[in-house]
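Chemist: Quick one: this structure, given as structure tokens, is what I'll be asking you about.
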Amino acid sequence: MSPENRQLAHRLGYAGLVPFVLGCALIWLIADRNLDQHAFVSLALSAYAALIISFLGGIHWGLSFARGLPGRQPLVWGITAPLLGWLGVLMSPYAGLALHGGVLIACYVIDRRVYPQLGAGDWLTLRFRLTAVASFSCFLAAAGS
């Protein structure tokens with residue numbers, strides 16, 4: 001990847017944290033003021049977390065196909081992560097957002113083991129930072145739900 005595209009990927013990754021941080025902040029700011037708005041923000045954050053979890057699972061499929069890896073693990077995880085994300089959306093916000101935070105951490109733990117094998121180990125520092133903020137936002141939002 002060119003240095004310009006790598007820098008763009010980092011910027012976009014950090015920009016992707018905005019909905020996590022904003023959603024978490026809004027959950028706490030409107031906690032008891034308006035139940036409809038609170039429910040909307042909780043659902044919006046949960047849906048966004050599930051979308052990101054699906055993206056993280058899909059990376060395993062893409063890298064597996066691109067590298068022609070044998071084995072089923074990347075393909076199985078590639079569908080397990082989105083299913084867990086979807087399950088979190090269906091749950092009440094306090095439980096679903098906690099599940100999302102846990103799945104985001106699980107995605108990182110699995111990526112930490114698999115990315116070096118797939119030639120993507122140099123992305124783990126960025127992945128750690130993004131995971132830390134996103135999962136913390138989910139856990140904090142769950143506490144405010």
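Chemist: Name the pairs whose Cβ atoms lie under 6 Å apart, with the first residue in segment 39-62 and more than 15 Å from Gly102 (Cα to Cα), the second polar (S, T, N, Q), and 6 or more positions between them or separate chains?
Modeler: The qualifying pairs are Ser42/Ser145.
Chemist: Just to verify a result, which residue in segment 99-122, among those that are small (Gly, Ala, Ser) and more than 12 Å from the chain's Cα centre (by Cα), is farthest from Phe65 (Cα to Cα)? Can you show your working first?
Modeler: Of all residues in segment 99-122, those small (Gly, Ala, Ser) come to 101-102, 106, 119-121.
Among the residues that remain, those that are also more than 12 Å from the chain's Cα centre (by Cα) are: 119-121.
Details: Gly119: 13, Ala120: 14, Gly121: 17 Å.
Ranking the qualifying residues of segment 99-122, first place goes to Gly121.
Chemist: Next up: Considering each residue of segment 11-32, count those that are over 17 Å from the mean Cα position of the chain (by Cα), touching a residue at least 40 places away in the same chain (Cβ under 8 Å) and part of a helix (DSSP H, G or I), and give that number.
Modeler: Total meeting the criteria: 2.
Chemist: Give the residue that is nearest to Met1 (Cα to Cα), with candidates limited to residues of segment 71-118 that are touching a Lys or Arg at 6+ places or on another chain (Cβ under 7 Å) and not hydroxyl-bearing (Ser, Thr, Tyr).
Modeler: Of everything passing the filter in segment 71-118, Leu118 is nearest to Met1 (Cα to Cα).
Chemist: Related question: State whether the residues of segment 110-123 include one that is among the basic types (Lys, Arg) and out of contact with any helix residue (DSSP H, G or I) (no Cβ under 7 Å at 6 or more places or on another chain).
Modeler: Taking segment 110-123 and keeping what is among the basic types (Lys, Arg), we get 112-113.
Then keep just the ones that are out of contact with any helix residue (DSSP H, G or I) (no Cβ under 7 Å at 6 or more places or on another chain); that gives 113.
Yes, that holds for at least one residue.
Chemist: If the requirement is being among the small types (Gly, Ala, Ser), in contact with a helix residue (DSSP H, G or I) (Cβ under 9 Å, 6 or more places away or on another chain), buried (at least 21 other Cβ atoms within 10 Å of the Cβ) and over 22 Å from Leu126 (Cβ atoms), which of these qualifies: Gly71, Gly96, Gly101, Gly85?
Modeler: Gly96
Chemist: Examine segment 97-119 for a residue that is among the small types (Gly, Ala, Ser) and touching a Ser or Thr at 6+ places or on another chain (Cβ under 7 Å), and state whether such a residue exists. Please lay out each step first, then the result.
Modeler: First pass over segment 97-119, keeping only residues among the small types (Gly, Ala, Ser): 98, 101-102, 106, 119.
Restricting the remaining residues to those that are touching a Ser or Thr at 6+ places or on another chain (Cβ under 7 Å) gives 101.
There is at least one residue in segment 97-119 that is among the small types (Gly, Ala, Ser) and touching a Ser or Thr at 6+ places or on another chain (Cβ under 7 Å).
Chemist: Right, next: Of Arg67, Arg33, Arg72, Arg6, which residue is at pLDDT below 95, among the basic types (Lys, Arg) and in contact with a Leu (Cβ under 7 Å, 6 or more places away or on another chain)?
Modeler: Just a single option satisfies the conditions, and that option is Arg67.
Chemist: Being in contact with a helix residue (DSSP H, G or I) (Cβ under 6 Å, 6 or more places away or on another chain) and either among the small types (Gly, Ala, Ser) or at negative phi (or both): is that true of Trp28 here?
Modeler: On the way: in contact with a helix residue (DSSP H, G or I) (Cβ under 6 Å, 6 or more places away or on another chain): no; either among the small types (Gly, Ala, Ser) or at negative phi (or both): yes.
Against the criterion (in contact with a helix residue (DSSP H, G or I) (Cβ under 6 Å, 6 or more places away or on another chain) and either among the small types (Gly, Ala, Ser) or at negative phi (or both)), Trp28 does not qualify.
Chemist: For segment 115-128: of the residues being surrounded by 15 or more Cβ atoms within 10 Å (Cβ to Cβ) and closer than 21 Å to Leu51 by Cβ, which is modelled with the highest pLDDT?
Modeler: As a first pass, look at segment 115-128 and keep what is surrounded by 15 or more Cβ atoms within 10 Å (Cβ to Cβ): 115, 118, 120, 123-124, 127.
Next, only the ones that are closer than 21 Å to Leu51 by Cβ stay: 115, 120, 123, 127.
On the way: Tyr115: 85, Ala120: 83, Trp123: 91, Arg127: 95.
By that ranking, first place goes to Arg127.
The values are calculated or read from the model by the stated rules, or taken from the named source; none is laboratory data. Just so we're clear, the structure is a prediction, and the values are computed from it rather than from any experiment. Cβ atoms come from the backbone with ideal geometry, glycine included; neighbour counts cover every protein chain shown.
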